[in-house]
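K.L.:
A single structure is presented below for examination.
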Amino acid sequence: MRKPPFTLSSTLLALAASVALIAAAQASEPRDDGGHGDAAHSEAKESKPSLKPDLKTKVEAKSEGKGEGKGGGKAESKGESTGGEARASVSMSELRDLIDQKIAEVRTKREAAPVLKVPSRAQRPKPQSGMMNAVYAADAAPEFDAHGHGAEAPASARRPPLREAKGALTPTPMLAAPAGHGISGHDVHWAYGGDTGPESWAQLKPEFQQCAVGKRQSPIDIRDSIAVQLDPIQFDYHPSAFRVIDNGHTVQVNVEPGNSITVQGRRYDLLQFHFHRPSEERINGRQFEMVAHLVHKDVEGKLAVVAVLMDQGKAHPLVQQVWNNLPLEKNIEQPALIQMDLKALLPEQQQYFTYMGSLTTPPCSEGVLWMVMKQPAAMSREQIAIFSKLYPMNARPIQSASGRLIKEGQ
């Protein structure tokens with residue numbers, strides 16, 4: 001059972017009763033101090049010890065003094081200091097001091113009563129180390145109920161035991177964004193299949209809108225072209241240094257400056273070339289094993305792409321040179337020690353189809369001049385297999401021609 005509470009009122013009642021008894025005893029005791037009582041009282045106050053004795057001891061001492069007075073009469077004279085000290089020791093002034101002391105003690109005991117307090121977050125001590133930061137990180141995150149509303153978790157549930165948290169510097173998991181809020185641009189990784197495939201490119205970032213609404217998108221199935229005499233493409237390619245990179249979408253070859261083409265009176269500098277499997281462009285419905293896209297840009301920033309279709313046949317020396325320099329990790333350029341003769345990538349016959357289109361990857365920018373070589377180049381089965389191991393399929397689906405004009409060189 002619980003002990004009854006120790007209240008201030010009960011203590012005061014007991015003290016009041018004791019004071020009444022002592023006062024009555026003093027009143028009944030004859031007092032003849034010859035006018036020296038005030039002096040004795042003052043002397044007693046000055047000699048009063050700094051630490052007051054317990055009230056019970058004082059009451060008992062007074063009781064014993066009264067008993068001796070009744071039994072032996074007035075044995076001591078009024079001038080004796082012993083009798084004066086005895087009477088002064090239980091003076092009313094000192095009794096009041098003792099009562100005040102007891103009241104203070106009772107209050108202290110009441111304030112020190114054990115109370116279970118759960119510290120709030122604001123009262124918690126600040127962590128002093130990285131390890132403690134990790135421990136308290138879990139406390140800072142609010143819990144969520146089944147309906148998604150915030151709810152304060154119990155302290156035992158919020159803070160893991162120290163032996164479990166010690167050294168566990170894992171970051172606090174973030175809550176997933178609600179559906180329908182979209183994906184931030186820097187988190188976008190477009191792909192050729194799945195949730196971020198070509199059908200979803202326009203939804204990944206605002207900059208990708210052309211992938212859905214553009215009217216001159218690439219690739220296309222080249223049909224219903226008109227036969228005309230096209231000016232030949234003037235290839236100004238030279239042996240050049242190059243670097244190979246696997247960028248997560250294809251194998252790309254970055255070429256040093258100094259290579260260009262001239263077509264329709266405009267000069268375009270070669271930036272890079274890369275591969276797709278199978279070919280993105282088709283000719284009258286026919287799709288080829290692979291295609292190489294050589295990307296050029298003029299001084300105004302306009303793009304021109306030469307597409308070299310590739311079919312299975314004999315090994316291609318330039319393609320093998322690229323495969324020999326494949327990097328071991330993605331997004332890391334591998335510089336080659338030997339220069340590349342870019343002319344070796346081109347077919348012998350250089351007639352081509354031409355039309356206006358777009359980039360075949362996000363952001364699907366339009367206004368790109370396309371030139372698709374009519375004669376395909378050859379690659380061996382082994383060379384095709386090497387690329388297929390990295391990218392079994394990295395071709396955008398065919399887009400609508402939308403009535404655009406397609407020229408075929410004779």
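K.L.:
What number of residues within the range 219-248 are under 24 Å from Ile283 (Cα atoms) and either assigned to a loop (DSSP other than H, G, I, E, B) or among the hydrophobic types (A, V, I, L, M, F, W, C) (or both)?
P.N.:
Result for the range 219-248: 15.
K.L.:
Could you list all residues from the range 314-325 that are touching a residue at least 24 places away in the same chain (Cβ under 8 Å) and open to solvent by 50 Å² or more (accessible area, probe 1.4 Å)?
P.N.:
Selection gives Lys314, Ala315, Pro317, Gln320.
K.L.:
If a residue has to be farther than 27 Å from Ile398 by Cα and open to solvent by less than 80 Å² (accessible area, probe 1.4 Å) to count, how many in the range 225-235 make the cut?
P.N.:
Of the residues in that region, 1 qualify.
K.L.:
When both residues are 6+ apart or on different chains and their Cβ atoms are under 7 Å apart, which pairs have a first residue that lies in the range 387-401 and is modelled with pLDDT of 95 or more, and a second that is acidic (Asp, Glu)?
P.N.:
Listed by first residue and then by second, the contacts come to Leu390/Asp246; Ala395/Glu280; Arg396/Glu280; Ile398/Asp221.
Conditions (1) touching a residue at least 40 places away in the same chain (Cβ under 8 Å); (2) open to solvent by less than 40 Å² (accessible area, probe 1.4 Å); (3) closer than 20 Å to Lys330 by Cα, marked per residue:
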site	(1), (2), (3)
Arg223	yes, no, no
Tyr237	yes, yes, no
Gln252	no, yes, yes
Pro257	no, no, no
Asp269	no, no, no
Phe273	yes, yes, yes
Pro278	yes, yes, no
Arg282	yes, no, no
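The values are calculated or read from the model by the stated rules, or taken from the named source; none is laboratory data. Every value quoted in this text rests on a predicted model; they were computed, and no experiment measured them. Ideal geometry is used to build each Cβ from the backbone, glycine not excepted, and the neighbour counts take in all protein chains shown. Accessible surface is based on the protein model in full, side chains and every heavy atom, while ligands, DNA and RNA are left aside. Shrake-Rupley method; radii C 1.70, N 1.55, O 1.52, S 1.80 Å.
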